Amino acid sequence: MYGEGKYEGVDLTKLNTSLLGLIDYSKSIKADISLNSAVKLVQQNITVEAFLQKDKEQLSKVNAAVKRSMKKIMKHLSPEVIRELCAKRTNYQLILVDKEVTPSTVELLRMSLIHYDELFTMDYETFKEKTGGKNREVTYDKLMKTHMYYEQHVYNQTITSHAFYVRPLEDQLLIALTKSIDKKVLESEIQKFLQETYDTLPATFTIHDLTINQGMKKHLAFHILHNLTEQGFLTYKDHLIKKQLRTFDELMNWEGLLYKKEFTWKLQKGLGDKEIAKKQKVSRQRVSQKILKSLSYIPISHVSEAKEYADLFQAYHFSEESFSFIFNERPETYRFLVKKLKRGDQSISEFPNELTNELTKEQHKRLIEYLNSK
């Protein structure tokens with residue numbers, strides 16, 4: 001009964017390093033990894049580490065579409081998060097254990113928001129209610145039987161290699177915050193984090209990425225997490241931390257924006273430091289210091305417009321006029337990028353064909369219109 005059908009011969013003890021745990025996430029970002037693709041890699045003895053370590057020999061055997069999907073996933077998630085997702089038991093694994101648990105059954109679980117771990121304690125009435133109220137006793141019995149077999153005869157053989165209890169971040173945070181930290185030291189570390197670390201992190205990461213990969217002390221990492229969550233830069237749930245985005249308008253309306261008046265005059269109104277200094281009756285140097293400090297607390301990847309155009313801005317030499325026209329953006333977006341990043345050297349007039357490959361149809365049209373007007 002077990003290990004039969006389409007996936008007969010799959011080594012069920014190797015699923016904790018397969019891509020099965022990434023299937024649902026891949027759908028959420030339109031980088032679909034199919035069940036068949038994930039299983040084929042298991043059959044080829046190709047694990048998630050081949051992608052994370054960029055093993056050329058292993059990857060030469062992988063379908064191009066799967067490589068593209070993994071490349072997209074790795075832009076969104078840190079290696080640690082990817083490993084944790086792959087190590088988790090998922091409902092997809094039950095398809096490989098018993099041919100009577102079909103992909104449609106697992107899709108029913110996904111649509112009903114029933115996760116693998118819930119099957120440990122779920123009775124039939126709860127299952128019936130969560131799956132729409134229809135009589136599904138046969139489906140329930142197959143799932144429970146397969147789940148039990150997998151736990152008892154397969155998963156216990158490998159559980160010591162990766163199964164561990166991770167205290168939820170909420171609990172870890174409460175413990176860490178009992179250890180105080182000097183206010184000035186914390187402010188300095190937060191500024192350093194926003195200037196040097198925030199933009200280097202993927203959209204979703206873990207405390208492990210900060211303490212191990214970034215070498216940050218754990219209690220400091222939690223204080224920074226707590227502070228930046230309150231300020232709207234981060235959110236967290238269970239053990240995952242996510243970077244948050246603000247639009248430029250939201251940034252300008254943010255109560256925590258330092259030196260908002262000077263920031264507004266500089267970026268929205270395009271005034272020079274000398275003009276602002278005259279309005280404020282302070283030195284030009286003081287105005288420059290205020291604006292630089294304000295900018296130091298705003299990472300590129302926190303402002304949606306800046307994040308969208310950062311790569312192009314660093315590759316090509318846009319003027320304020322060309323940038324605003326081609327991307328149909330307000331001048332303040334350009335001014336923000338100028339203050340945060342170095343403009344590229346390539347002229348848009350010299351490399352139009354290359355540049356158009358990176359634009360939408362509307363932006364392409366506006367680029368040609370702009371170049372023809374010059």
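Annotations for the structure displayed:
- Residues HIS76 and THR178, FRET efficiency given R0 of 51 Å [Cβ-Cβ distance, rounded to 0.05]: 0.95
- Prolate/oblate/rounded label for the range 227-374 (Cα gyration tensor, a/c 1.5): oblate
- Shown here: the chain, whose C-alpha atoms stretch 82, 58, 45 Å along the first, second and third principal axes, sorted largest to smallest.
- Amide H contacts of LYS88 (H built 1.01 Å from N, under 5 Å, at least 5 apart or other chain): none
- Residues whose amide H comes within less than 5 Å of that of ARG246, counting only those at least five positions distant or on another chain, are VAL303, SER304 (H built at 1.01 Å from N in the peptide plane).
- Phi-based couplings in Hz for the range 196-211 (Karplus 6.51, -1.76, 1.60; Gly and Pro marked x): 10, 10, 3, 5, 7, 7, x, 4, 10, 8, 10, 4, 4, 5, 7, 7
- Extension reserve of the SER349-GLN43 stretch, reckoned as 0.36 nm per residue once the Cα distance is removed: 105.1 nm
- Choice from LEU113, LEU186, LEU295 showing the highest fluctuation, given a GNM over the chain with Cα pairs closer than 10 Å: LEU113
- Residues in the range 125-141 carry Karplus couplings, in order, of 4, 5, 4, 4, 5, 6, 9, x, x, 7, 6, 10, 4, 5, 4, 4, 4 Hz; the curve used is 6.51 cos²θ - 1.76 cosθ + 1.60 with θ = phi - 60°, and Gly or Pro positions show x.
- Cα gyration tensor shape for the range 287-351, rounded if a/c is under 1.5, else prolate or oblate: prolate
- Springs between Cα atoms under 10 Å define the GNM used for the chain, and in it the highest mean-square fluctuation of GLU129, GLU107, GLU305 occurs at GLU129.
- Cα-based shape type of the range 1-117, given that a ≥ b ≥ c are square roots of the gyration tensor eigenvalues and the cut on a/c is 1.5: oblate
- Counted residue by residue at 0.36 nm each, then reduced by the alpha carbon distance between them, the extension gain from LYS14 to ASN227 reaches 72.7 nm.
- Relative contact order [Cα under 8 Å, 6+ residues apart], the chain, whole percent: 12
- Between the helical axis of 284-296 and the longest alpha-carbon principal axis of the chain there is an angle of about 10 degrees.
- Protein accessible area in the chain, 1.4 Å probe - carbon and sulfur %: 49
- Residue-by-residue Karplus 3J(HN,Hα) for the range 308-317, coefficients 6.51, -1.76, 1.60, Hz, glycine and proline x: 5, 9, 4, 5, 5, 4, 7, 9, 10, 8
- Accessible area per residue in Å² at 1.4 Å probe, computed on the range 22-85: 54
- Multiplying the residue separation of HIS364 and THR121 by 0.36 nm and subtracting their alpha-carbon distance yields 81.9 nm.
- Over every Cα atom in the range 184-273, the radius of gyration and the widest Cα-Cα span, Dmax, amount to 14.9, 46 Å.
- Separation of alpha-carbon centers, the range 191-243 and the range 37-65, rounded to whole Å: 30
The values are calculated or read from the model by the stated rules, or taken from the named source; none is laboratory data. Remember, it's a predicted structure, so these values are computed and weren't measured experimentally. Every residue, glycine as well, gets a Cβ built from its backbone with ideal geometry; the counts of neighbours run over all protein chains shown. The protein model used for the area step is the full one, side chains on, heavy atoms only, and it has no ligands, DNA or RNA in it. Shrake-Rupley method; radii C 1.70, N 1.55, O 1.52, S 1.80 Å.
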